[in-house]
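I'd like to ask you about the structure that follows.
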Amino acid sequence: MSNEAILSSKNDYTIFKFGEHIIRFKSPYSLEKYTKIKEWDSGYIVVMAKYLHNSEEEEEYIDLVPILKKLYYDVESFLKPIKKVRISYD
């Protein structure tokens, strides 16, 4: 298994993929797309995002820990092998 996770968005959802796991959660209604990962810190992502209402990219923050807890994941063991997150719209 690769130690890289993938972040993307589609329609009104953010999608986080790692291995066989695909986690979807609601995105802001005006999100067009994520453009750049600035930082990955064990479940906390600093990302640049493009929104409909702004011509410039904005810094955004995603905290996966509370999402994973609500989905009954073992947060520490799920996040531990992830060393990098990249954006992909393939």
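Restricting attention to the stretch 48-64, which residues are more than 17 Å from Tyr89 (Cα to Cα), in a strand (DSSP E or B) and over 11 Å from the mean Cα position of the chain (by Cα)?
Glu58, Glu59
(1) surrounded by 15 or more Cβ atoms within 10 Å (Cβ to Cβ); (2) of a type in the set (Ser, Thr, Tyr); (3) without any contact (Cβ under 8 Å) to a residue 12 or more places away in the chain: which one isn't true of Tyr51, the others all being true?
For Tyr51, the failing item is (3).
Considering Ile67, Ile45, which residue is of a type outside the set (Asp, Glu) and outside any strand (DSSP E or B)?
Ile67
Also: Can Thr35 be described as more than 17 Å from Lys80 (Cβ to Cβ), part of a strand (DSSP E or B), β-branched (Val, Ile, Thr) and over 10 Å from the mean Cα position of the chain (by Cα)?
yes
If you scan the stretch 59-90, which residues turn out to be at pLDDT below 95 and in contact with a helix residue (DSSP H, G or I) (Cβ under 7 Å, 6 or more places away or on another chain)?
If the condition is that a residue be at pLDDT below 95 and in contact with a helix residue (DSSP H, G or I) (Cβ under 7 Å, 6 or more places away or on another chain), then no residue fits.
Under 9 Å between Cβ atoms, at least 6 apart or on separate chains: pull out the pairs that start in the stretch 1-29 with a residue that is free of Cβ contacts under 8 Å to residues at least 24 places away in the same chain and within 12 Å of Ile87 (Cα to Cα) and end on any residue that is among the aliphatic types (A, V, I, L, M) and loosely packed, with under 14 Cβ neighbours inside 10 Å.
Pairs found: Ile15/Ile22.
Hey, can you tell me all the residues within the stretch 9-31 that are touching a Lys or Arg at 6+ places or on another chain (Cβ under 9 Å) and in a strand (DSSP E or B)?
Listed by number, the residues that qualify are Ser9, Lys10, Tyr13, Thr14, Ile15, Phe16, Ile23, Arg24, Leu31.
So, in the stretch 62-88, exactly how many residues are exposed (fewer than 11 other Cβ atoms within 10 Å of the Cβ), hydroxyl-bearing (Ser, Thr, Tyr) and on the phi < 0 side of the Ramachandran plot?
So the answer is 1.
Take Ser42 and decide whether it is over 21 Å from Lys84 (Cα atoms), at pLDDT below 95 and loosely packed, with under 13 Cβ neighbours inside 10 Å.
no
The values are calculated or read from the model by the stated rules, or taken from the named source; none is laboratory data. Because the structure is predicted, anything quoted here is derived from the model rather than measured. Positions of Cβ are generated from backbone atoms using ideal geometry, with glycine treated the same way; all protein chains shown enter the neighbour counts.
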